[in-house]
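Q: Please read through the structure below; I'll follow up with questions.
The values are calculated or read from the model by the stated rules, or taken from the named source; none is laboratory data. Values in this document were obtained by computation on a predicted structure and should not be read as measured data. Glycine also receives a Cβ, built like all others from the backbone with ideal geometry; neighbour counts cover every protein chain displayed.
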Amino acid sequence: MTAAQNDDVISPQQAVTLHGLFLERVRRSQDKIAYKFFDVRQSVWVDLSWGQMLEQVARWQAALAREGLVKGDRVAIMLRNCPQWVMFDQAAMSLGLITVPLYTVDRADNIAYIVNDAQVKVLLFETEAQWQELSGVVGQMGCVQRFVSLDDFRNDEPRLVPAAKYLLTQLAELQAPVPCDCKELASIIYTSGTTGRPKGVMLSHNNMLSNTYDAMATFMVRGDDLLLSFLPLSHTFERTCGYYLQVMTAATVAYARSIPLLSEDLKTIKPTILISVPRIYERIYGAISTKLAEGPAFKRMLFHLAVEVGWARFLHQQRRGGWKPSFLLWPLLDKLVAQKILERLGGRLRTTVSGGAALAPEISRVFVGLGLPVVQGYGLTETSPIVSGNKLDNNFPDSVGQPIRGVQVKLGEQHALLVKGPNVMMGYWNNPEATRAMIDADGWLNTGDIAHISETGHIYITGRLKEIIVLSNGEKMPPADMEAAILHDPLIDQVMIYGEGRPYLIALAVLNPEVWLQVAAKVGVRPDMPESLTDSAVEAKVLRRIARNLSGFPGYAKVHRVLLLREPWTIDNGLLTPKLSLKRNHVVAAFSRQIDELYKGH
């Protein structure tokens, strides 16, 4: 289904602004269920209609109006996914304010930097625990005139007020929105810098409205769809696909309680659409692989047969493969294997979208083979974010699809993917130099990703310009692809390839604690002893496992040494960004001594 086939889709012309989009949806669908969320106090799932959402937006609008802010002022949202995120966002935009989403898991010093860079006037957060994290930098955020917390707790900060007191009245009438043009700034979204301070991406109302609308020619969304939202709304991917897309199409969104409870929520909510990042599929795949490894050989054989037959059926349905007699086995394989796995995902998924990073072809092959229609897309914050995507009936899972409607792509120098369209950002906040470095005079944005475009127009991301390792012998390789392959091993939870200017590649690998116990037992070392991580027999075994996963790479893409670690890389210890991307320079700095040891004598 495309936008043209869905009579209830709101066009950018009808909406004009993101708040206009919301108002038009309320007008059309006042009594329809808009959101589902879990009420912790009552321990039940609660529904909210569009009409009920409007009532709450009016309360937030009245509260913000009392702050004396003027059009263009910035306000920040630091909430997990919940209806209040949408309420605050819509109330702010109705007053002409600019929303700045913040990651709930971000470091306090990073929050302070963003707040000051954007000169945020009001900051909405959720819990006392968050406030304790922020307490060390509150004095650095002098620009904030009001901190608002959803939870009520005691504190002597005069600028802090609980939402229950901030909202005052139970009822308020929504006031007419401040006049706003579609090309005006709607939000500043800070990219999580892997090498330096984050940059504020300026997106207009039209950037996000057009991107949402044009994506619907590729990604099918209907008014009767139910989406389970768990990626943070501070991430542009979720904000576009799990928020504005839902408002535009009258679909319903259920907010997952947390990642640890995602499996339970999938079974309870039974969504029809799931928007995710590769890591979730990798975790599910890893759990399946571990269970198969522990089970009888017959089950492994049955599973692999189901995947192979299912994949061949997929190619046949896509008109890229012929009919095979093995297809006659599918009803049995579907019942014995595929249905049991898909039931764990709720049993009603008609499409799942993977974006934010590359999904390994081996993993997408498994899910597609089992009958889960995974479509991979591509984008970045600076493009609002969607650039391309696969259609269900034209799905090349190893690609990131074709450009969505209205978006142009071409290859520039060094095969860099260039993008042009109404989705390209206005620029970086307070950073014209960075803007000029990314967008040329003709409006082409350089993604920094190396790509290949096939005859069918499908885009294949083959590397990243800034993440190419050049060995001392001149050999070049993209570490991300190798890392993705290595992560197929359940022993390794996190990995980073290193070798810039060095004679060979090494890997830094964080071990999975449960699988490490099994491997240590087989080698005959005590897993709790530090010296076990540097044991030569252990290293040799891990290198053999890594080599198996890298067998499809060129011969020079070989890992010669490995540094084994037990402590995970996290946002708190400064080795991951809020989007969970590796801060490569920080990892290298943290383990510089051990890295040098691995190169001694060479």
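Q: Does the stretch 98-112 include one or more residues that are surrounded by fewer than 23 Cβ atoms within 10 Å (Cβ to Cβ), of a type in the set (Val, Ile, Thr) and over 27 Å from Glu238 (Cα atoms)?
A: no
Q: Name the single residue that is modelled with the lowest pLDDT among those in the stretch 2-15 being surrounded by fewer than 19 Cβ atoms within 10 Å (Cβ to Cβ) and either closer than 23 Å to Leu97 by Cβ or of a type outside the set (Gly, Ala, Ser) (or both).
A: Checked the stretch 2-15; the qualifying residue modelled with the lowest pLDDT is Thr2.
Q: While we're on this one: Might you let me know whether the stretch 208-231 holds any residue that is farther than 27 Å from Ile269 by Cβ and free of Cβ contacts under 8 Å to residues at least 24 places away in the same chain?
A: Within the stretch 208-231, none of the residues are farther than 27 Å from Ile269 by Cβ and free of Cβ contacts under 8 Å to residues at least 24 places away in the same chain.
Q: Inspect the stretch 294-301 for any residue being in contact (Cβ under 8 Å) with a residue 24 or more places away in the chain and either surrounded by fewer than 18 Cβ atoms within 10 Å (Cβ to Cβ) or assigned to a loop (DSSP other than H, G, I, E, B) (or both) and give the result as yes or no. Before the answer, list the steps.
A: So the first thing to find is which residues in the stretch 294-301 are in contact (Cβ under 8 Å) with a residue 24 or more places away in the chain, and the list is none.
Checked the stretch 294-301: no residue is in contact (Cβ under 8 Å) with a residue 24 or more places away in the chain and either surrounded by fewer than 18 Cβ atoms within 10 Å (Cβ to Cβ) or assigned to a loop (DSSP other than H, G, I, E, B) (or both).
Q: Among the residues of the stretch 311-336, what is the count of those that are assigned to a helix (DSSP H, G or I) and among the polar types (S, T, N, Q)? So that I can check it myself, show each step before the final result.
A: Here is the first cut: in the stretch 311-336, the residues assigned to a helix (DSSP H, G or I) are 311-317, 325-336.
Filter again for among the polar types (S, T, N, Q), leaving 317, 326.
Result for the stretch 311-336: 2.
Q: Return yes when Phe367 is crowded, with 16+ Cβ neighbours inside 10 Å, within 30 Å of Ser581 (Cα to Cα) and touching a residue at least 40 places away in the same chain (Cβ under 8 Å) and no when it is not.
A: Working: crowded, with 16+ Cβ neighbours inside 10 Å: yes; within 30 Å of Ser581 (Cα to Cα): yes; touching a residue at least 40 places away in the same chain (Cβ under 8 Å): yes.
So Phe367 passes the test.
Q: With respect to the numbered conditions (1) surrounded by 12 or more Cβ atoms within 10 Å (Cβ to Cβ); (2) farther than 21 Å from Arg464 by Cβ; (3) over 26 Å from the mean Cα position of the chain (by Cα); (4) of a type outside the set (Phe, Trp, Tyr), which one is the sole condition not fulfilled by Val559?
A: Every condition holds for Val559 apart from (2).
Q: Give the residues of the stretch 445-466 that are more than 20 Å from Gln376 (Cα to Cα) and surrounded by fewer than 20 Cβ atoms within 10 Å (Cβ to Cβ), sorted by residue number. Explain how you work it out, then say what you get.
A: Keep residues of the stretch 445-466 that are more than 20 Å from Gln376 (Cα to Cα), which gives 445-446, 465-466.
The answer is Asn446, Leu465, Lys466.
Q: If I filter the stretch 562-602 down to residues being part of a loop (DSSP other than H, G, I, E, B) and among the β-branched types (Val, Ile, Thr), which single residue comes out as surrounded by the fewest Cβ atoms within 10 Å (Cβ to Cβ)?
A: Filtering the stretch 562-602 for residues part of a loop (DSSP other than H, G, I, E, B) gives 566-575, 577-581, 583, 591, 599-602.
In the following step, the residues that additionally are among the β-branched types (Val, Ile, Thr) were identified as 570-571, 577.
Numbers: Thr570: 12, Ile571: 18, Thr577: 21.
My answer is Thr570.
Q: Moving on to the next point. What residue, of Ser551, Ser532, is free of Cβ contacts under 8 Å to residues at least 40 places away in the same chain, assigned to a loop (DSSP other than H, G, I, E, B) and of a type in the set (Ser, Thr, Tyr)?
A: On the way: Ser532 fails: assigned to a loop (DSSP other than H, G, I, E, B).
Just a single option satisfies the conditions, and that option is Ser551.
Q: Then there's this: Out of everything in the stretch 247-264 that is part of a helix (DSSP H, G or I) and free of Cβ contacts under 8 Å to residues at least 40 places away in the same chain, what residue ends up being nearest to Thr577 (Cα to Cα)?
A: Residues of the stretch 247-264 that are part of a helix (DSSP H, G or I), as a first pass: 247-249, 262-264.
So of that shortlist, the ones also free of Cβ contacts under 8 Å to residues at least 40 places away in the same chain come out as 262, 264.
Details: Leu262: 22, Glu264: 27 Å.
For the stretch 247-264, the residue satisfying everything is Leu262.
So that you can scan it fast, the table gives a plain yes or no per residue for (1) over 14 Å from Gln90 (Cβ atoms); (2) of a type outside the set (S, T, N, Q):
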position: Gln14; (1), (2): yes, no
position: Phe22; (1), (2): no, yes
position: Lys32; (1), (2): yes, yes
position: Val40; (1), (2): yes, yes
position: Met53; (1), (2): no, yes
position: Ala62; (1), (2): no, yes
position: Ile77; (1), (2): no, yes
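Q: Mind checking which residues of the stretch 32-68 are of a type in the set (Gly, Ala, Ser) and either free of Cβ contacts under 8 Å to residues at least 12 places away in the same chain or touching a His at 6+ places or on another chain (Cβ under 6 Å) (or both)?
A: Pass one, the stretch 32-68, residues of a type in the set (Gly, Ala, Ser): 34, 43, 49, 51, 58, 62-63, 65, 68.
Once the filter is applied, which keeps residues that are of a type in the set (Gly, Ala, Ser) and either free of Cβ contacts under 8 Å to residues at least 12 places away in the same chain or touching a His at 6+ places or on another chain (Cβ under 6 Å) (or both), the stretch 32-68 yields Ser43, Gly68.
For (1) aliphatic (A, V, I, L, M); (2) buried (at least 17 other Cβ atoms within 10 Å of the Cβ); (3) at positive phi; (4) out of contact with any strand residue (DSSP E or B) (no Cβ under 7 Å at 6 or more places or on another chain), each residue gets a yes or a no:
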residue	(1), (2), (3), (4)
Leu315	yes, no, no, yes
Pro325	no, no, no, yes
Val337	yes, yes, no, yes
Glu343	no, no, no, yes
Gly346	no, yes, yes, yes
Leu349	yes, yes, no, no
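Q: Just checking, how many residues over the stretch 262-282 are under 17 Å from Lys340 (Cα atoms) and of a type in the set (D, E, K, R)?
A: Selection size over the stretch 262-282: 4.
Q: Could you say which residue among Thr268, Thr290 is β-branched (Val, Ile, Thr), in a helix (DSSP H, G or I) and modelled with pLDDT of 90 or more? It would help to see each step written out before you state the result.
A: Working: Thr290 fails: modelled with pLDDT of 90 or more.
That would be Thr268, the only listed residue that is β-branched (Val, Ile, Thr), in a helix (DSSP H, G or I) and modelled with pLDDT of 90 or more.
Q: Search the stretch 209-221 for residues being touching a Ser or Thr at 6+ places or on another chain (Cβ under 7 Å) and within 20 Å of Ala34 (Cα to Cα), and hand back the single one that is modelled with the lowest pLDDT.
A: Within the stretch 209-221, the first condition is being touching a Ser or Thr at 6+ places or on another chain (Cβ under 7 Å), and the residues that meet it are 211-213, 216-217, 220-221.
Then drop every residue that is not within 20 Å of Ala34 (Cα to Cα), which leaves 212-213, 216, 220-221.
Values: Thr212: 98, Tyr213: 98, Met216: 95, Met220: 83, Val221: 93.
Here the answer is Met220.
Q: Starting from residues that are touching a Pro at 6+ places or on another chain (Cβ under 9 Å) and of a type in the set (A, V, I, L, M, F, W, C), keep the ones in the stretch 129-165 and report whichever is nearest to Asp39 (Cα to Cα). Quick ask: steps written out before the conclusion?
A: Applying the first criterion (touching a Pro at 6+ places or on another chain (Cβ under 9 Å)) to the stretch 129-165 yields 148-153.
Okay, now just the ones that are also of a type in the set (A, V, I, L, M, F, W, C), so 148, 150, 153.
Working: Val148: 20, Leu150: 13, Phe153: 19 Å.
My answer is Leu150.
Q: Check the stretch 398-421 and report whether any residue there is closer than 30 Å to Ala118 by Cα, among the acidic types (Asp, Glu) and in contact with a helix residue (DSSP H, G or I) (Cβ under 8 Å, 6 or more places away or on another chain).
A: No, the stretch 398-421 contains no residue that is closer than 30 Å to Ala118 by Cα, among the acidic types (Asp, Glu) and in contact with a helix residue (DSSP H, G or I) (Cβ under 8 Å, 6 or more places away or on another chain).
Q: Among the residues of the stretch 453-473, what is the count of those that are touching a Ser or Thr at 6+ places or on another chain (Cβ under 6 Å) and more than 30 Å from His560 (Cα to Cα)?
A: 2
Q: Considering (1) in contact with a Phe, Trp or Tyr (Cβ under 8 Å, 6 or more places away or on another chain); (2) surrounded by 16 or more Cβ atoms within 10 Å (Cβ to Cβ), say which one Trp45 fails and leave the rest.
A: Among (1) in contact with a Phe, Trp or Tyr (Cβ under 8 Å, 6 or more places away or on another chain); (2) surrounded by 16 or more Cβ atoms within 10 Å (Cβ to Cβ), the lone unmet condition for Trp45 is (2).
Yes/no matrix, rows are residues, columns are (1) under 19 Å from Ala91 (Cβ atoms); (2) out of contact with any His (no Cβ under 7 Å at 6 or more places or on another chain); (3) at pLDDT below 95:
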{"residue": "Phe147", "(1), (2), (3)": "yes, yes, no"}
{"residue": "Leu150", "(1), (2), (3)": "yes, yes, no"}
{"residue": "Asn155", "(1), (2), (3)": "no, yes, yes"}
{"residue": "Val178", "(1), (2), (3)": "yes, yes, no"}
{"residue": "Lys183", "(1), (2), (3)": "no, yes, no"}
{"residue": "Ile188", "(1), (2), (3)": "yes, yes, no"}
{"residue": "Thr191", "(1), (2), (3)": "no, yes, yes"}
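Q: Does Ser326 fit the bill of being of a type in the set (Ser, Thr, Tyr) and more than 23 Å from Ser263 (Cα to Cα)? Please lay out each step first, then the result.
A: Working: of a type in the set (Ser, Thr, Tyr): yes; more than 23 Å from Ser263 (Cα to Cα): yes.
Answer is yes for this residue.
Q: Under the condition of being part of a loop (DSSP other than H, G, I, E, B) and not aliphatic (A, V, I, L, M), which residue from the stretch 89-115 is modelled with the lowest pLDDT?
A: Here the answer is Arg107.
Q: So, in the stretch 414-436, of the ones that are within 23 Å of the chain's Cα centre (by Cα) and farther than 26 Å from Ile453 by Cβ, which residue ends up surrounded by the most Cβ atoms within 10 Å (Cβ to Cβ)? Quick ask: steps written out before the conclusion?
A: Step one: of the stretch 414-436, the residues within 23 Å of the chain's Cα centre (by Cα) are 416-429.
Among the residues that remain, those that are also farther than 26 Å from Ile453 by Cβ are: 426-429.
Working: Met426: 19, Gly427: 19, Tyr428: 22, Trp429: 24.
Only one residue tops the list, namely Trp429.
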